[in-house]
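A.B. asks: Input: one structure, supplied below.
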């Protein structure tokens, strides 16, 4: 009995610290937000205030957003995504949705392996689309995380508009700790801006409709400037004085010729065109560092998640899925 009571006490303690009522300061901010939403978008102030006040402040969300996986070094980050199960799952998803993927490539120019890899990285092809209520997540971050409160306050506004437009029950929708939704994990602003009704059924459903999911990922990349057929990245070695290239940022800003003049050479294959723009990516591979050219299409992948680690994991997973599919 003592063990049972102790276990129950610990469970209640975890729940109480993970989800609790909003403070008076937060409730005041919610009230002001509801007033603004009524003025700008015609929402009922009282109904909206009541709905948002009923959400739970999630301390576990604050903890999660302060320790993202992208903070890990590459040699720890890569194994999260480059696993046999995720590769095999990608082959299976491709086989089951081959027609939709081919149609998306034809319309948007984005190859199937990239679309599949994004969905694989984000949610394991829909197996893990998020356990948090989107309203709880966005309200917690909009009013309880000052570092990015402005961003998440805007996302809360976008989510409420999205719910109205797509006839989604805002109190039931679930997603990630940051409020990302569906198989491709679109945040609300991206959902409204880039999701497409690919099968023309009158709704953009990123939870259950693979036509919309695949089309929306492809459209996202297309709208961010994906160049069909262009190289994405290439591993290089050698070179001197590389830190100035590494520190220059994520956006391709050096001609390949300039990078090669430092002594860098591709490990495999021919280099991209001399006048192509690239950045230089340095990855902590454990015992040594790896260097990769980050060309235009690689930068486009980082627009989905602003991380070179994320983009590299997506790229490498896409190549593993492609190779496994071709081997079958």
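A.B. asks: Could you work out how far helix 112-123 tilts from the main Cα principal axis of the chain, as a 0 to 90 degree angle to the nearest 10?
C.D. replies: Approximately 40 degrees, to the nearest 10.
A.B. asks: Can you classify the range 238-328 as rounded, prolate or oblate using the Cα gyration tensor, where a ≥ b ≥ c are the square roots of its eigenvalues, rounded means a/c under 1.5, and otherwise it's prolate if a/b beats b/c and oblate if not?
C.D. replies: It comes out prolate by the Cα gyration axes.
A.B. asks: Taking the simple approach of a point 7 Å from Cα along Cα-to-Cβ for both residue 25 and residue 72, what is their distance in nm?
C.D. replies: According to this spin-label approximation, the distance is 3.4 nm.
A.B. asks: Also: Helix 308-327 sits at what angle to the longest principal axis of the chain, using alpha carbons and giving 0 to 90 degrees rounded to 10?
C.D. replies: 70
A.B. asks: Can you give the three extents of the C-alpha atoms in the chain along their principal axes, from longest to shortest, in whole Å?
C.D. replies: Dimensions of the chain along the principal axes of its Cα atoms: 63, 50, 45 Å.
A.B. asks: Rg and Dmax in Å for the range 125-182, alpha carbons only: what are they?
C.D. replies: 11.1, 33
A.B. asks: Here's another thing I want to ask about it. Could you list 49, 290, 76 in order of exposure, starting from the residue whose Cβ has the fewest other Cβ atoms within 10 Å?
C.D. replies: Sorted ascending by nearby Cβ count, the order is 76, 290, 49.
A.B. asks: Note the full-extension length gain between residue 169 and residue 35 as 0.36 nm times their separation in residues minus their Cα-Cα distance, in nm to one decimal. Show your work: numbers first, answer last.
C.D. replies: Numbers: separation 134, 0.36 × 134 = 48.24 nm, distance 2.08 nm.
The span from residue 169 to residue 35 would gain 46.2 nm if fully extended.
A.B. asks: Relative contact order for the chain: what percent, with Cα pairs under 8 Å and sequence separation of 6 or more?
C.D. replies: Numbers: 496 pairs, mean separation 57.1, N = 328.
With pairs under 8 Å counted, the relative contact order is 17 percent.
A.B. asks: Taking 0.36 nm per intervening residue step and subtracting the Cα-Cα distance, what contour gain separates residue 45 from residue 258 on full extension?
C.D. replies: Numbers: separation 213, 0.36 × 213 = 76.68 nm, distance 5.78 nm.
Full extension from residue 45 to residue 258 adds 70.9 nm.
A.B. asks: Any chance you could check the Cα centroid distance between the range 145-223 and the range 30-86 for me, in angstrom?
C.D. replies: Here the answer is 13 Å between Cα centres.
A.B. asks: For 139, 129, what's the fewest-to-most ordering of other Cβ within 10 Å of each Cβ?
C.D. replies: Listing 139, 129 from fewest to most nearby Cβ atoms yields 129, 139.
A.B. asks: Something else about it: Stokes-Einstein diffusion coefficient for the range 148-303 at 4 °C in a medium of 1.567 mPa s, Rh from the Kirkwood formula over Cα pairs: what value in µm²/s?
C.D. replies: Once the numbers are plugged in, D ends up at 72 µm²/s.
A.B. asks: Now, a different point. Quick check on the range 59-166: take the gyration tensor over C-alpha atoms, sort the square-rooted eigenvalues as a ≥ b ≥ c, and tell me if it's rounded (a/c under 1.5), prolate or oblate. Show your work: numbers first, answer last.
C.D. replies: On the way: a/c = 2.51, a/b = 1.45, b/c = 1.73.
Since a/c reaches 1.5 but b/c is at least a/b, the shape of the range 59-166 is classed as oblate.
A.B. asks: At a Förster radius of 41 Å, what calculated FRET efficiency corresponds to the Cβ-Cβ distance of residue 98 and residue 270, to the nearest 0.05?
C.D. replies: Step by step, r from the Cβ atoms, then E = 0.85.
A.B. asks: Would you mind getting me the FRET efficiency between residue 251 and residue 199? Use the beta-carbon distance for r and R0 = 45 Å, nearest 0.05.
C.D. replies: Result of the calculation: an efficiency of 0.80.
A.B. asks: Same structure, new question: Rounded if a/c is under 1.5, else prolate if a/b beats b/c, else oblate: with a ≥ b ≥ c from the C-alpha gyration tensor eigenvalues square-rooted, which is the range 71-121?
C.D. replies: In terms of gyration-tensor shape, oblate.
A.B. asks: If you don't mind, another one. Summarise the long-distance tail of P(r) for the range 91-223 by giving the % of C-alpha pairs beyond 18 Å.
C.D. replies: Cα-Cα pairs of the range 91-223 separated by over 18 Å account for 52 percent.
The numbers here are math on the coordinates, done by the rules we state, and not lab data. Note that this is a predicted model, so its numbers are computed, not measured. Cβ coordinates were reconstructed from backbone atoms using ideal geometry, including for glycine residues, and neighbour counts include every protein chain displayed.
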